[in-house]
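The values are calculated or read from the model by the stated rules, or taken from the named source; none is laboratory data. What you see is a predicted model; the values in this text were computed from it and never measured. Backbone-built Cβ (ideal geometry, glycine too); neighbour counts: all protein chains shown.
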Amino acid sequence: MADRPEAAQRDLAVSLIARHGIMRQSDLKSHGVNPATLARLVEQGVLHRPSRGLYELADADIEAAHALAEVAKRVPKGVICLISALQFHEITLQLPRSVWVAIGQKDRAPAIDYPPVRIVRFSGGALTLGVATHLVDSVPVRIFDPAKSIVDCFRFRNTVGLDIALEALRMGWRSRKAKPDDIVRYAQELRIWSVVRPYLESVVADEG
């Protein structure tokens, strides 16, 4: 099959990326867009290459959620976790400098230059419990739900800080985004209920 004219490739690339938010070079190539055309679009300031093999529109709105979509493209088996998950669900005041992503104990750690990532290894059911898929910039992103994210912060309290776990617990309760029953269930399944219980009971008593 003959190559598309470069003008047609340009229009197609821009149209596809505008629709999907972020695209891999291999996916664009499968649609008939040559790497040389992508390189010229980057040189001309039409496209931006946030990391090797990924392309987005140069005027894309770079926000925290946007970074999650980029990481999901590079770590498809990973799950956005801890502070990044809290931020996505708006149950923290923290602004993480890296995207926190959970992978399996034996999974190979990805080499990503942008955006910065913080890899956390989860074992067994901890990696599958409470996972929900959200569309971010048209990219499916796997993120732990609010209750599971709060419980995980207690599990990793020595890493993220107990104050952040407590902040998330309070905000999750006030916003009703994290149901107490779900917090109890996750905490029991992950064998950390004895740690979470006094804090949850305190928040319920204080907040009513």
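The rows are residues; the columns are (1) touching a Leu at 6+ places or on another chain (Cβ under 8 Å); (2) in a loop (DSSP other than H, G, I, E, B).
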{"position": "85", "(1), (2)": "no, no"}
{"position": "96", "(1), (2)": "no, yes"}
{"position": "106", "(1), (2)": "no, yes"}
{"position": "134", "(1), (2)": "no, no"}
{"position": "151", "(1), (2)": "yes, no"}
{"position": "164", "(1), (2)": "yes, no"}
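Report yes if some residue within region 70-87 is modelled with pLDDT under 90 and either of a type in the set (Val, Ile, Thr) or in contact with a Gly (Cβ under 7 Å, 6 or more places away or on another chain) (or both); otherwise report no.
Looking through region 70-87, none of the residues is modelled with pLDDT under 90 and either of a type in the set (Val, Ile, Thr) or in contact with a Gly (Cβ under 7 Å, 6 or more places away or on another chain) (or both).
For residue 76, all conditions in the list (1) outside the structural domain of residue 158 (by TED's automatic domain parsing); (2) under 22 Å from residue 130 (Cβ atoms) hold save one; what is the number of the exception?
Of everything listed in (1) outside the structural domain of residue 158 (by TED's automatic domain parsing); (2) under 22 Å from residue 130 (Cβ atoms), residue 76 misses just condition (1).
For a quick check of your reading of the model, give me the residue pairs whose first member lies in region 106-126 and is closer than 17 Å to residue 56 by Cβ, whose second is among the charged types (D, E, K, R) and assigned to a loop (DSSP other than H, G, I, E, B), with beta-carbon atoms closer than 6 Å and at least 6 apart or on different chains.
Listed by first residue and then by second, the contacts come to nothing, as the list is empty.
Say we look at region 65-79 and pick out the residues that are in contact with a helix residue (DSSP H, G or I) (Cβ under 8 Å, 6 or more places away or on another chain) and under 25 Å from residue 28 (Cβ atoms); which of these is surrounded by the fewest Cβ atoms within 10 Å (Cβ to Cβ)? Can you show your working first?
Taking region 65-79 as the starting set, the residues that turn out to be in contact with a helix residue (DSSP H, G or I) (Cβ under 8 Å, 6 or more places away or on another chain) are 65, 68, 78-79.
Remaining after also requiring under 25 Å from residue 28 (Cβ atoms): 65, 68, 78.
Numbers: 65: 17, 68: 26, 78: 24.
The residue in question is 65.
Tally time: how many residues in region 83-109 are surrounded by 14 or more Cβ atoms within 10 Å (Cβ to Cβ) and either under 18 Å from residue 156 (Cα atoms) or within 14 Å of the chain's Cα centre (by Cα) (or both)?
At the first step, the residues of region 83-109 found to be surrounded by 14 or more Cβ atoms within 10 Å (Cβ to Cβ) are 83-89, 91-92, 94, 96, 98-104, 107.
Narrowing further to those that are either under 18 Å from residue 156 (Cα atoms) or within 14 Å of the chain's Cα centre (by Cα) (or both): 83-89, 91-92, 94, 96, 98-104.
Within region 83-109, residues that are surrounded by 14 or more Cβ atoms within 10 Å (Cβ to Cβ) and either under 18 Å from residue 156 (Cα atoms) or within 14 Å of the chain's Cα centre (by Cα) (or both) number 18.
Considering region 10-55 alone, what residues qualify as being within 15 Å of residue 113 (Cβ to Cβ) and of a type in the set (D, E, K, R)?
49, 52
Could you tell me whether any residue of region 122-129 is closer than 26 Å to residue 166 by Cβ and within 12 Å of the chain's Cα centre (by Cα)?
no
Quick check on my filter: what residues within region 136-157 are among the basic types (Lys, Arg) and either farther than 19 Å from residue 172 by Cα or surrounded by fewer than 24 Cβ atoms within 10 Å (Cβ to Cβ) (or both)?
Step one: filter region 136-157 for residues among the basic types (Lys, Arg), giving 142, 148, 155, 157.
Scanning region 136-157 gives 142, 155, 157.
Before we move on, is residue 115 under 14 Å from residue 75 (Cα atoms) and within 12 Å of the chain's Cα centre (by Cα)?
Details: under 14 Å from residue 75 (Cα atoms): yes; within 12 Å of the chain's Cα centre (by Cα): yes.
The answer is yes for residue 115.
Take the residues of region 46-64 that are loosely packed, with under 15 Cβ neighbours inside 10 Å and of a type in the set (A, V, I, L, M): which is modelled with the lowest pLDDT?
Ranking the qualifying residues of region 46-64, first place goes to 62.
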